[in-house]
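Novice: Next up is a structure, given as structure tokens.
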Protein chains: 2
Amino acid sequence: MNIENPSFFIGKGDNDGFISFGSGQPDLPPPKEVYDILPDYRSFKYGLIQGQANLREALAKQYPNANPDNFVITNGASEAIDLALRALYQPGAKIFLPKPYYYSYPHNVYLARMEPVYYELENGKINFETFKKDIQNCRIVLINSPSNPTGTIQDLDVLKKIEKLAQDLGIYIISDEVYKDLIYERENYLLENGNVLTVNSFSKTFAMCGFRVGYLYAREKAIIKKVIDMKNHTSMNTNILGQEMAYEATKVPRSRIEAQTKIWKERRDLIYNGLRDLGLDLWKPEGAFYVFPKMKNPSKVVSDLYCKYKMIVYNGVWFGDSERVRFSYALDAEKITEGLKRLKEYLSKEYKEN
Amino acid sequence: MNIENPSFFIGKGDNDGFISFGSGQPDLPPPKEVYDILPDYRSFKYGLIQGQANLREALAKQYPNANPDNFVITNGASEAIDLALRALYQPGAKIFLPKPYYYSYPHNVYLARMEPVYYELENGKINFETFKKDIQNCRIVLINSPSNPTGTIQDLDVLKKIEKLAQDLGIYIISDEVYKDLIYERENYLLENGNVLTVNSFSKTFAMCGFRVGYLYAREKAIIKKVIDMKNHTSMNTNILGQEMAYEATKVPRSRIEAQTKIWKERRDLIYNGLRDLGLDLWKPEGAFYVFPKMKNPSKVVSDLYCKYKMIVYNGVWFGDSERVRFSYALDAEKITEGLKRLKEYLSKEYKEN
């Protein structure tokens, strides 16, 4: 059985005894504030293409020296990336992507009619010397820290060097920081200067993936204007109620988000130690909710676990790494433990035969 | 004062004594069913990229010989058009657009990195002989009947000839039928064959513009697959609650939609007769909610009416016609009457000086 991409698993694994380490979405519910507004909601007309003023005002308070004009509210981080790339389009331009990558990135670049080139992560980390050499002819670099699928964050000094390098070379940075609140080792580092376009989302922090509310933040007003002009024709305002719910989410106290991060960290420790105990080779995740162990013949692992052990895991190949398998640990401890048990059985019974 | 495009008016004209014949959105509220589900709604996770099964099943019943696999639910008709064009992308391809056009169409074509060419409407109608000649080297033709901004529908025999011509030539038709339920003279004619991609929306019929729920319907499964593959990377599922509300809208009895059309028809008659009585040259709208009279120096008319008469109207130039002005009559009779009164004053006092 050859499972070709993650969409095979959509709608699978939520019941029937499956344990899903597949899809990257929180199992925790959104904060109550977010849906408390539903019963009385009565606004159905077009909103501002740029996004509702209250939401952008709230976001501006979260970013140093920002104002509401620096934001566009989008249909999730996906649309923010799509529009950012299209806004910066130049014929034949090269876009510098991490490898392994979030599985949409290369597609986003192709769909914007440009060309991806890659910087290889070494155990999830950027090698700045190689990076510096290979970035030279690129128009845009995409940075994703904390990273999906690697679960790593990039070192502060490397991020600062990249900021400077990109500015010196006149290269745009698209910084996908959707896991900025799911980081265990330090505070998130906001990449920022005139060349940076920050992509973020309410999906992961506030567990509202299906509502598709994300945003683009940029200092350069000309980029924001261009993105609004495009969105006016490609999708118009982001769902008006989704934006109102996102606005409620901005009022959730920081302490509640930190309490959530604590839960993620416990799960991280559980699965990391569990996989290590099973003898797998992996690094300790520093952010997001993915572990990315080395495994022989990942496509067989994915298929075997699905067909014989009722377990969903994702093939590293989908993320540009043919020697690893991605486990999302957006699951409660009980399910993680059961998954590790099944995996142990698989490893002892069949895996060596790969 | 030079007002450059419709976005100038966003958020203006709903109060402060303004009469807005600007934005094309219903003033009527959505059916109660649509928001009755809000209080108990509790589903926040990713949905199917293609769209929720219940909604696609309900839509399949509205189209002859359709099944749920023929639909993709999108962020309004705008995203359906954007994705359809990008799915059919070929370098250098020409896209055949009506002129006057809905103001996004040329932008949509450019944003898909293709080239617009135009067929001129004569008093809002297609001249099939010219159309037939000029379509030859195009990859896609866009048909919009009922039309924004002209308010016209195309004759049945012309639509049938276009269907056949496009099939013979292997040209795709994107048929934007968002006003299919706002048509006064006959039933809507669904363009259909293997080459047709139908675009539609819940915005106009069910007065839920801000929720951005539209869809693409196509017989050709390969196109649907391609659009889903793209949407997976460019926006993922359409807002999950918006889809549930759209599903509720599909249950609204036809008689209620017809009652609504009756109201639109009364307004159409009021404004059409009113503008005729003021001596303006225009045709009688057959669908949608726009009248498109000839006026001298439209950009001055737009600016004068806005600055001196607290009235919003749209410049025909924004729709590719430099000799007309668009009035949306999505307003109650009282406001239409007041608007006509102000226009009468303008016409008698200042207009002749143009």
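Bear in mind that the values in this text are calculations on the coordinates, not laboratory data. As the structure is a prediction and not an experimental result, all values here were calculated from the model. Note: ideal-geometry Cβ built from the backbone for every residue, glycine included; neighbour counts use all protein chains shown.
Novice: Can you tell me which residues in region B:294-336 are of a type in the set (Val, Ile, Thr), out of contact with any Leu (no Cβ under 7 Å at 6 or more places or on another chain) and within 24 Å of residue B:26 (Cβ to Cβ)?
Specialist: If the condition is that a residue be of a type in the set (Val, Ile, Thr), out of contact with any Leu (no Cβ under 7 Å at 6 or more places or on another chain) and within 24 Å of residue B:26 (Cβ to Cβ), then B:302, B:312, B:325 are the ones that fit.
Novice: A further question on this structure: Given (1) assigned to a helix (DSSP H, G or I); (2) within 11 Å of chain A (Cβ to nearest Cβ), identify the lone condition not met by residue B:248.
Specialist: Just one mismatch for residue B:248, condition (2).
Novice: State all residues of region B:130-145 that are part of a strand (DSSP E or B), in contact with a Phe, Trp or Tyr (Cβ under 7 Å, 6 or more places away or on another chain) and of a type in the set (Val, Ile, Thr); if no residue qualifies, say none.
Specialist: Scanning region B:130-145 gives B:140, B:141.
Novice: Return only the number of the condition from (1) closer than 30 Å to residue A:124 by Cβ; (2) surrounded by fewer than 18 Cβ atoms within 10 Å (Cβ to Cβ) that residue A:54 does not satisfy.
Specialist: It is condition (1) that residue A:54 fails.
Novice: Now for a different question. Answer yes or no as to whether residue B:238 is within 14 Å of chain A (Cβ to nearest Cβ), closer than 16 Å to residue B:47 by Cβ, crowded, with 24+ Cβ neighbours inside 10 Å and touching a helix residue (DSSP H, G or I) at 6+ places or on another chain (Cβ under 6 Å).
Specialist: When the stated conditions are applied, residue B:238 does not pass them.
Novice: Could you pull out the residue among A:153, A:174, A:135, A:140 that is without any contact (Cβ under 8 Å) to a residue 60 or more places away in the chain and crowded, with 22+ Cβ neighbours inside 10 Å?
Specialist: A:140
Novice: In region A:1-37, which residue that is in contact with a Lys or Arg (Cβ under 9 Å, 6 or more places away or on another chain) and at the interface with chain B (Cβ under 8 Å from one of its Cβ atoms) is farthest from residue B:233 (Cα to Cα)?
Specialist: A:35
Novice: Anything in region B:87-111 that is closer than 13 Å to residue B:172 by Cα and either within 12 Å of another protein chain (Cβ to nearest Cβ) or touching a Ser or Thr at 6+ places or on another chain (Cβ under 9 Å) (or both)? List them, or say none.
Specialist: B:87, B:89, B:90
Novice: Let me ask something else about it. Name the single residue, out of those in region B:263-279 being without any contact (Cβ under 8 Å) to a residue 60 or more places away in the chain and out of contact with any helix residue (DSSP H, G or I) (no Cβ under 9 Å at 6 or more places or on another chain), that is surrounded by the most Cβ atoms within 10 Å (Cβ to Cβ).
Specialist: Here the answer is B:272.
Novice: For region A:112-129, name all the residues that are within 13 Å of chain B (Cβ to nearest Cβ) and either buried (at least 19 other Cβ atoms within 10 Å of the Cβ) or in a strand (DSSP E or B) (or both).
Specialist: A:112, A:114, A:116
Novice: Is one or more of the residues making up region B:61-82 without any contact (Cβ under 8 Å) to a residue 60 or more places away in the chain and part of a helix (DSSP H, G or I)?
Specialist: Yes, region B:61-82 contains a residue that is without any contact (Cβ under 8 Å) to a residue 60 or more places away in the chain and part of a helix (DSSP H, G or I).
Novice: Additional query: If I filter region B:205-222 down to residues being surrounded by 22 or more Cβ atoms within 10 Å (Cβ to Cβ) and more than 7 Å from every other protein chain (Cβ to nearest Cβ), which single residue comes out as farthest from residue B:188 (Cα to Cα)?
Specialist: Restricting to residues being surrounded by 22 or more Cβ atoms within 10 Å (Cβ to Cβ) and more than 7 Å from every other protein chain (Cβ to nearest Cβ), the top hit is B:213.
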